[in-house]
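Below you'll find the structure, written out as C-alpha cells, and then a few comments.
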Amino acid sequence: MNEKINDNIILSNIDKLELYSDDYPFSISLDITNFENEKELFKFTKNCEKLIRNSNEYREWRNYLLNILKNNYCFVTHEINEEVSIDIHHHPISLFSIVKTVINKKLDTNEPFNSFGVALDTMKIHFMNIVGYIPLIRSIHEKFHAGYLKIPIGLVEGNYKLFIEEYNKYIDDSDMETINERLLINSSNIKWTNGNYPGLIEECIV
C-alpha cells in the first residue's frame, strides 16, 4: 500500500526564499534578521566559524600562506613544518571575533543573512588580507589559548589595522578590549629565552 500519509503541499515565496504551507501557520526562510538571545547568536557564530574552517577556500588561503609564501615555520620557535605541525593563528583578532563582527554589521544594517553568506564575507576579508595572522607550532598555539603566552604584535602579518578601522563600530566592546590589550604586547615588554616563551612582564607596561 503506497498511499501518502498526508497531502500537505509545500509552497514557496521565491522573492523571500521562504517555504510555507497553507495547512500550517509556520514558515521557514533561508535568511534571518535577528536572534532570540545571545545563546543563539553564539551557536550561529560557532557554526559559521566551523563552516569557514572546513571550506576549500580557507584551506587554499592557509596553504598559500604556508607553502607558496613560505611562511611554513613557527614565527616564535622558528621550527619548520617538516619537523612539527604548523597552525595559522588569527591575531590580534580571533576568527570567532571576525565572524561575530561580520554578523554584527548585518544585524546593525538590517541586512538579511545566512551562514553561507557570513562565511563568504569572512573569506572575502581573508582574501583582502585585512586579517592578522601568525604561524605557530601546535604546542605554542595551545599555550597561547591556555593563557600562558603573549605574542609580540610585530610578529603578526596581514593588514589587521584596516579591518579594525573599517569594522570598528561593529566590534563588540569586550572583543575590542582584548584586541587593544594584544596590540600593547611588543618585544620591549616580554622576555623570551631559548625554549622558554613566558607571558607579559607586568612591570614593563607603562
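Peptides 116-122, 87-93, ordered by how many other C-beta atoms sit within 10 Å of their residues on average, highest first, read 87-93, 116-122. Given (i) 16.1, 46; (ii) 21.8, 81; (iii) 26.8, 87 as candidate values of Rg and Dmax of the Cα atoms in Å, which corresponds to the one derived from the coordinates? Here the calculated entry is (ii). Could you list, in their original order, any pairs among Lys50/Lys124; Lys124/Lys161; Lys46/Lys70; Lys105/Lys169; Lys46/Lys100; Lys43/Lys100 whose Cα atoms are separated by more than 18 Å? Beyond 18 Å: Lys46/Lys70. Around Ile137, under 13 Å between beta carbons, what's the net of Lys plus Arg minus Asp minus Glu among the other residues? Combined, the nearby Lys, Arg, Asp and Glu give -3. Angle of helix 38-53 to the longest C-alpha principal axis of the chain, folded into 0 to 90 degrees and rounded to 10: 70°. Residue farthest toward the positive end of the dipole of the chain, with Cβ of Lys/Arg at +1 and Asp/Glu at -1: which of His89, Leu162, Val118? Going by the Cα projections, it comes out as His89. Helix 95-108: angle to the longest alpha-carbon principal axis of the chain, degrees 0 to 90, nearest 10? So the inclination is approximately 50 degrees. Taking the helices alone, the chain has a mean residue ellipticity at 222 nm of -11500 deg cm²/dmol, built from -39,500 (n - 2.57) per DSSP H run of at least 4 residues and averaged over all its residues.
Relative contact order for the chain: what percent, with Cα pairs under 8 Å and sequence separation of 6 or more? Let's see the in-between values first.
On the way: 243 pairs, mean separation 38.7, N = 206.
Computed value for the chain: 19 percent relative contact order.
Every read-out reported here was derived from the displayed coordinates using simple, explicitly stated rules and does not represent laboratory data. Please read these numbers as outputs of a predicted model, since none were measured by experiment. Glycine also receives a Cβ, built like all others from the backbone with ideal geometry; neighbour counts cover every protein chain displayed.
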